[in-house]
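Input: a single structure, listed below in structure tokens.
The values are calculated or read from the model by the stated rules, or taken from the named source; none is laboratory data. Source: prediction; values computed, not measured. Here the Cβ positions follow ideal geometry from the backbone for every residue, glycine too, while neighbour counts run over all protein chains shown.
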Amino acid sequence: MGRDELNVTLASLAQGRLSRRQFLHGTGVALGTAALAACGQTATPTSTEPVAVGSLLDATGPINIYGTPLIDATKFAIDDINSKGGVLSRQLKLTSFDTQSTNDKYVQYANQLMLETKAAVIMGGITSASREAIRPAIDRNKQLYFYNEQYEGGVCDKFVFCTGVVPSQQLSTLVGWTMTNVGKTVYTLAADYNYGHISSDWVKFYLSQGGGQLLGVDFIPLDVSDFASTITKLQQRKPAAVMSLLVGGNHIAFYRQFAAAGLQDKMKIVSPTFGLGNEQVVLAPNESKGITVSYPYYQELTNSTNQKWVSDWHTRYGSGYPYITDSANAGWVGWHLWALAVNKAGSLDRDKVIKALESGLSFDAPEGTVRLDPKSHHLTHNVNIAQTNANHGFDIIQTFNAISPDPQGQCDLIGNPDQHTQFTPSLS
Amino acid sequence: MHLDQVVAIVVSVLGSVATLLIVSLGLAVIFGLMRVINLAHGEFLMLGAYAALTATRIGVNIWVSILLAGVSVGIFGLVVERLLIRHLYGRILDTMLATWGLSLVLVQAVTLIFGPSTNGIGTPLGSLHVGSYSFSQYSLVLIFAAAAMLTIVFWVFTRTSYGVMARAAVQNPSMAQALGINTARTNMVTFALGSSLAGLAGGLLAPTAGVVPSLGQAFIAQSFMTVIVGGPGVITGTSAASGVLGGSYNLVSYFTTPFIGQAALLVIAIVLLRLMPQGLSGNWRRQL
Amino acid sequence: MTVARRVLLSPLSRPVVVMLAALLLGLFVSDFQKLTFALWVIYGLLALSLDLVWGKAGIFSFGQTAFFGAAAYLYGMIAINVSPTSGETVTALLGAVLGAAVLAAALGYFMFYGKVGDVYVAIITLASTLVLLQVMTSTAGPQYHIGKAELGGYNGMTHIPSMEFGFPGHPGDQMSPADTYTLVVLLAGLTYFAVLLLLRSGFGRVIAAVRENELRTELLGYDVRRAKLIIFAAGGAIAGLAGAVFAGWGNFMNPAPFSLPASALVVIYVLLGGRGTLAGAFLGAVAVEWLSTTLGGVLPSGTTLVVGGILIGVVLLVPGGLIPLFTGLVGRVVPRRPSMRRVLGRPLPARVDGVRGQRLEAHNLVKAFGGVKAIDSVSLDFPARELHCLIGPNGAGKSTFFNLLVGRYSPTAGTILHEGRPITHLQPHERARRGIGIKLQVPSIYRELSVRENVWLAAFAKVHNPPRAAAVGDGVLVRVGLIERAEDPAGDLSHGEQQWLEIGMVLASSPEVILLDEPTAGMTREETLRTVELVRNLAQQATVVVVEHDMEFVQRLDAPVTVLHQGRILARGKLAELRRNEDVLDVYLGRTFRATGG
């Protein structure tokens, strides 16, 4: 087909009756159309060749704080699936790229995985910006894609599955816990980007539902590491709790400067983001003392699946591994859910796999049993409230079971399968 | 406004000014006296932070560790100068390219050695209470350290024979050489001194910031802005620029939000350079 | 040399050859490769914009990604709102390019008309870029939207339409990734070609002059601010073109290009390829991107380590960048012919229309620096076609007075009249255009340009006609005795010859008034004697004011002299008379000053 088209192009070029549009099209696609045509239909299930799968994560650059645990979890999960027979009795062959904390590398490698590697599934992306950068290409190529990281929520896309926890799950539980156990006055410090803005809206929403009072919200640019003025302001406003929606290496400085100024005795920090970048590892235990967080997963969870998982992880990566984060758990869950769905569908065909994923699939994960919500393509998580301890880790103090990922029911991919969007919550 | 609040605001403003001054001084020396644009300046800070962190981890007293950070990054700077910068004098653009490469290498090397996250140093000393406000005693240390660093640099460049020669070598290299000044040597010392100041800054910041390999990137833009807005006066200019930029950032952040504070810092820098194209100290008599 | 070979090696055909080769390459590579190559070419185009403003015009912009990013957002905004109904994104593309050019022009006006230069431009452009980073990052939420296009904060704008041309019969037919490659290569080739043509025009030489010596260019009567503004806006437009195409390529845009690492990367592309080579912009971008993309697939976690190491290696081993390395290698195989820029027509005398010379007056001029009056109420009249000398000991205010006449300083009080019309607050280039030629004390010439190009620039400022400027220039070179050295770089001339060249440049602009500041500084005695002749010759066709402290030179000029002291006029008259003046002797011999005022 490609060759024919080229011949047609050359012939019409010779006769001088080619529109500019045709010329561009002809020179551009001729030999590549075959590749596009093949995309989305992977090899037949009877083959015994390995199944190509792809991963896009940041091993270098500033985002690698978050990328490294997911890279480790990915390799571990692939080996685990292969050691149990792979999918459809075929082994997985992982092609992974270092996206170097830059968004256009994501787009390039995503294209490579779709057009050259012909990966059956692509998993990866750390920041929401990286996910939104590749989503147009994912949708254009109708590629099955998993995003395994905590984020601001709302992605509603037939080809996309999100295994990370979202703010409504963490904050409905954490804000409630704060009002009962700490106090009703809250001051929010949020990283000045999408996650911070959306999460701070959720905080306001749950506070007003529970009769709490929001004393103020400060959005802090991501490159700020001098919190002197913020700390003075907190002392003036005197909230019972500081809701920290701070993110990234620079913002770690806040916890340190907060403790050094002697504010730990005056107010308590609660946060759905503290720990994701191993903040409790970087900080000394006395600096992070009393900070309360809410995640599905902690390394300290006592269920048997987790105990085995942690011990296998330490066997594999050494006992000196800093701390196994919630994201690592989400990455592990993503790969296993996909493998379960392929085996259930009995095929690698994209539509059949999506159908299997939408069948109310559940998985016994380190965080406990998770269930995939068919309508929103997100997970129903158990959320645990925990407090920092003296060993750079957390002590769990309360568990909330089976929290829905989409409390407002905005996303229904069963009813509207053609949706490819990201909702923001309507909380006014 | 009560007195305690005023005290808290003043300490907080001085703390921001001191921080900006501390992170910029090393760059001011290297850029101001050598016209070398060191794009790895942020990574020199980061190395200082990791040096202090490593020293405390093996049991060295924290204050000694901070000084060690200055010494070790100074030595590192000396090595970089000998191996790399020395070949590039008079090639200001190539120096940029090389130091950019160096910064990439340093970030990733530190990541491979220490991992993307590692245990940091807690802030030493406690907090000080004034009325209903309290602030970190360490912020007083930072203010004091900034003043001390200024004094030392001033002393070195005005009272030592090296300092006079270094300034001469900058103002008129061929004349300085004709007078028998070994400019290669003064350049080497200046670069090492600037690196050492950056390392010391890293050591001083380590207990107040999250020590991660990308630490330097947060500081590089503001320190360049401070040095350039300051103009030709290495000490007077940088101090004045730190005061204006750090002070306005802190106060605007306090009365509005850190977003507007950060924007104000950038806009003030732009407007100042437009109004005073030679920097704050451009028309001042004392050129240091 | 065969015709084919000559065509291949001609500077103007080279980009065409490369472009055709790139298009041909598109036929043999996969879709994915075309997508990747398209991105590299887009970054090359972005780097080209920097090489134009920085490599060619000497404006160190750290803000090219600001124009790139702004255009990408603009493309997204217009395309999302317009293309569903219009079925094309050409409007969006043009709007984005225009928007970027306007943004660059606004920033350029702010900087260049405020006389901001050098590294300060870098910081202002960087700070402006960072402001965009902050503002765009915080536009998270549905309330930030332009029509149907949500800005999207840090996550950015997504599902931006690909390029569509909306050709008849193909409504809403979005460009495939592979077509995008073809389009990008064509756009890059055309832009490159346009830049080459621009640089070969008269304006292009003025741009080179601005880069080499801004002050001299201004004194020749060129509006340096305007030239910089134009080139900066053109650079902004090119960066904008790259940004708009990028948005259509990736269908997304977020604030990441506004960050420091992203804007520094453009500088790195240009430096690696070779600053000022234009082609190096593409080569540098492709080299860096190819390296990091390839390594990202094979190295587990050492990508930046290796990229950084290679950069350092290149700097040490290949100074000046890749293109100079290649041309150096090629130069060994194909020796370059010496530059043979011929002059059109016979040398013309610089003096075109008979006797000239106009009157210049200063009335009660005062210039104070922070309370100290360097010039204190000086009035002087320089009648038409006269030679006049201004002398005085060090610190007398000679240079300050000279700079007031030139327009580099604005007086605190007083007026300057030229033929009776006030020019007190005119810019130096405006005075030059009115016929005031200026030669500064330190030779101010274009050291990298040839002697002939130096005088050409001066003549072109006046006649605005390239062949005629060349003729006038050669006439001047004959007159100052430098015609034999016309093809040499001006920097190779001796100190005295450089002074003559500069006088020649003043002459080439056919001035009515000539201001000379210490024309014999650093000259040998023999050279000084020749200069006397030259200056007296000048005085036959223009009003000449010489500031000097070489007494022998002043004596030989045999002209009226004014002595300045402590910012005031001390005495006037012929030198022979002044030698008998007690006040003047006091000042020159360092005797205690007897005046009561002090």
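Among helices (runs of 4 or more DSSP H) entirely within region A:181-266, having at least 3 residues that are away from chain B (no Cβ under 11 Å) and buried (at least 22 other Cβ atoms within 10 Å of the Cβ) singles out A:194-209. Of the residues making up region B:145-159, one or more are in contact with a helix residue (DSSP H, G or I) (Cβ under 7 Å, 6 or more places away or on another chain), on the phi < 0 side of the Ramachandran plot and small (Gly, Ala, Ser). Taken over region C:516-540, residues that are more than 11 Å from C:Leu557 (Cα to Cα) and not in a helix (DSSP H, G or I) amount to 10. Region B:19-120 holds helices (runs of 4 or more DSSP H) entirely within its bounds, and those carrying 1 or more residues that are away from every other protein chain (no Cβ under 14 Å) map to B:41-57, B:62-83. Here A:Glu149 passes the criteria (1) touching a Gly at 6+ places or on another chain (Cβ under 6 Å); (2) not in a loop (DSSP other than H, G, I, E, B) except the one numbered (2). From the list C:Leu107, C:Leu23, C:Leu98, the one residue that fits, being away from every other protein chain (no Cβ under 14 Å) and either in contact (Cβ under 8 Å) with a residue 24 or more places away in the chain or of a type in the set (Val, Ile, Thr) (or both), is C:Leu98. Answer yes or no as to whether C:Arg580 is touching a Ser or Thr at 6+ places or on another chain (Cβ under 7 Å) and surrounded by fewer than 19 Cβ atoms within 10 Å (Cβ to Cβ). No: the conditions fail for C:Arg580.
Here B:Gln278 does not fit the description of being more than 22 Å from C:Leu130 (Cα to Cα) and modelled with pLDDT under 85.
Restricting A:Ser319, A:Ser311 to residues that are more than 30 Å from B:Gly131 (Cβ to Cβ), surrounded by fewer than 24 Cβ atoms within 10 Å (Cβ to Cβ), more than 12 Å from every other protein chain (Cβ to nearest Cβ) and modelled with pLDDT under 90 narrows the list to A:Ser319. Any residue in region B:251-261 that is assigned to a helix (DSSP H, G or I), within 13 Å of chain A (Cβ to nearest Cβ) and in contact (Cβ under 8 Å) with a residue 60 or more places away in the chain? Scanning region B:251-261 turns up at least one residue that is assigned to a helix (DSSP H, G or I), within 13 Å of chain A (Cβ to nearest Cβ) and in contact (Cβ under 8 Å) with a residue 60 or more places away in the chain. Evaluation of C:Tyr222 against the conditions (1) closer than 26 Å to A:Asn194 by Cβ; (2) not in a helix (DSSP H, G or I) shows that the sole unmet condition is (1). Among the residues of region C:454-468, is there at least one that is of a type in the set (S, T, N, Q), farther than 19 Å from C:Thr543 by Cα and touching a strand residue (DSSP E or B) at 6+ places or on another chain (Cβ under 8 Å)? Within region C:454-468, not a single residue is of a type in the set (S, T, N, Q), farther than 19 Å from C:Thr543 by Cα and touching a strand residue (DSSP E or B) at 6+ places or on another chain (Cβ under 8 Å).
Condition check ((1) within 12 Å of chain B (Cβ to nearest Cβ); (2) surrounded by fewer than 24 Cβ atoms within 10 Å (Cβ to Cβ); (3) in contact (Cβ under 8 Å) with a residue 40 or more places away in the chain; (4) within 25 Å of C:Pro324 (Cβ to Cβ)) across all residues:
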{"residue": "C:Asp223", "(1), (2), (3), (4)": "no, yes, yes, no"}
{"residue": "C:Lys228", "(1), (2), (3), (4)": "no, no, yes, no"}
{"residue": "C:Ile238", "(1), (2), (3), (4)": "no, no, yes, yes"}
{"residue": "C:Ser259", "(1), (2), (3), (4)": "yes, yes, yes, no"}
{"residue": "C:Ala285", "(1), (2), (3), (4)": "no, no, yes, yes"}
{"residue": "C:Thr294", "(1), (2), (3), (4)": "no, yes, no, yes"}
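Of all the residues in region A:351-368, those that are in contact (Cβ under 8 Å) with a residue 12 or more places away in the chain and assigned to a strand (DSSP E or B) number 4. The requirement of being free of Cβ contacts under 8 Å to residues at least 24 places away in the same chain, closer than 28 Å to C:Ile416 by Cα and surrounded by fewer than 22 Cβ atoms within 10 Å (Cβ to Cβ) is fulfilled somewhere in region C:448-466, by at least one residue. On the stretch given as region C:128-166, residues that are at positive phi and either more than 9 Å from every other protein chain (Cβ to nearest Cβ) or small (Gly, Ala, Ser) (or both) total 6.
Residue check: is B:Ser161 crowded, with 24+ Cβ neighbours inside 10 Å, farther than 27 Å from B:Ser103 by Cβ and without any contact (Cβ under 8 Å) to a residue 12 or more places away in the chain? No; evaluated as a whole, the condition is false for this residue. Please enumerate the residues belonging to region B:228-241 that are more than 9 Å from chain C (Cβ to nearest Cβ) and part of a helix (DSSP H, G or I). Within region B:228-241, B:Gly230, B:Val234, B:Ile235, B:Thr236, B:Gly237, B:Thr238, B:Ser239, B:Ala240, B:Ala241 qualify. Restricting B:Ala166, B:Ala145, B:Ala192, B:Ala178 to residues that are of a type in the set (A, V, I, L, M, F, W, C) and over 21 Å from the mean Cα position of the chain (by Cα) narrows the list to B:Ala178. Among the residues of region C:531-555, those that are surrounded by fewer than 17 Cβ atoms within 10 Å (Cβ to Cβ) and closer than 11 Å to C:Leu387 by Cα comprise C:Arg536, C:Asn537, C:Gln540.
In region A:80-122, what residues are without any contact (Cβ under 8 Å) to a residue 24 or more places away in the chain, in contact with a Leu (Cβ under 9 Å, 6 or more places away or on another chain) and more than 8 Å from every other protein chain (Cβ to nearest Cβ)? A:Asn82, the sole residue that qualifies. Checking the structure you have, find out if any residue of region C:265-274 is within 10 Å of chain B (Cβ to nearest Cβ), closer than 30 Å to C:Ala96 by Cα, in contact with an Asp or Glu (Cβ under 6 Å, 6 or more places away or on another chain) and buried (at least 24 other Cβ atoms within 10 Å of the Cβ). Looking through region C:265-274, at least one residue is within 10 Å of chain B (Cβ to nearest Cβ), closer than 30 Å to C:Ala96 by Cα, in contact with an Asp or Glu (Cβ under 6 Å, 6 or more places away or on another chain) and buried (at least 24 other Cβ atoms within 10 Å of the Cβ).
Taken as a whole, the condition of being surrounded by fewer than 24 Cβ atoms within 10 Å (Cβ to Cβ), in a helix (DSSP H, G or I) and either without any contact (Cβ under 8 Å) to a residue 24 or more places away in the chain or at the interface with chain A (Cβ under 10 Å from one of its Cβ atoms) (or both) does not apply to B:Leu215. If you go through region C:181-207 and keep only what is under 19 Å from the mean Cα position of the chain (by Cα) and surrounded by fewer than 20 Cβ atoms within 10 Å (Cβ to Cβ), you end up with C:Ala194, C:Leu196, C:Leu197, C:Leu198, C:Leu199, C:Arg200, C:Ser201, C:Gly202, C:Phe203, C:Gly204, C:Arg205. Filtering region A:153-172 for residues that are at pLDDT 90 or above, away from chain C (no Cβ under 14 Å), under 30 Å from C:Val306 (Cα atoms) and touching a helix residue (DSSP H, G or I) at 6+ places or on another chain (Cβ under 7 Å) leaves an empty set. Scanning region C:296-306 for residues that are within 14 Å of chain B (Cβ to nearest Cβ) and surrounded by fewer than 24 Cβ atoms within 10 Å (Cβ to Cβ), we see that the one that is nearest to B:Leu106 (Cα to Cα) is C:Leu305. I'd like to know if region A:283-300 contains one or more residues that are within 24 Å of A:Thr380 (Cα to Cα) and either among the basic types (Lys, Arg) or surrounded by fewer than 21 Cβ atoms within 10 Å (Cβ to Cβ) (or both). Checked region A:283-300: at least one residue is within 24 Å of A:Thr380 (Cα to Cα) and either among the basic types (Lys, Arg) or surrounded by fewer than 21 Cβ atoms within 10 Å (Cβ to Cβ) (or both).
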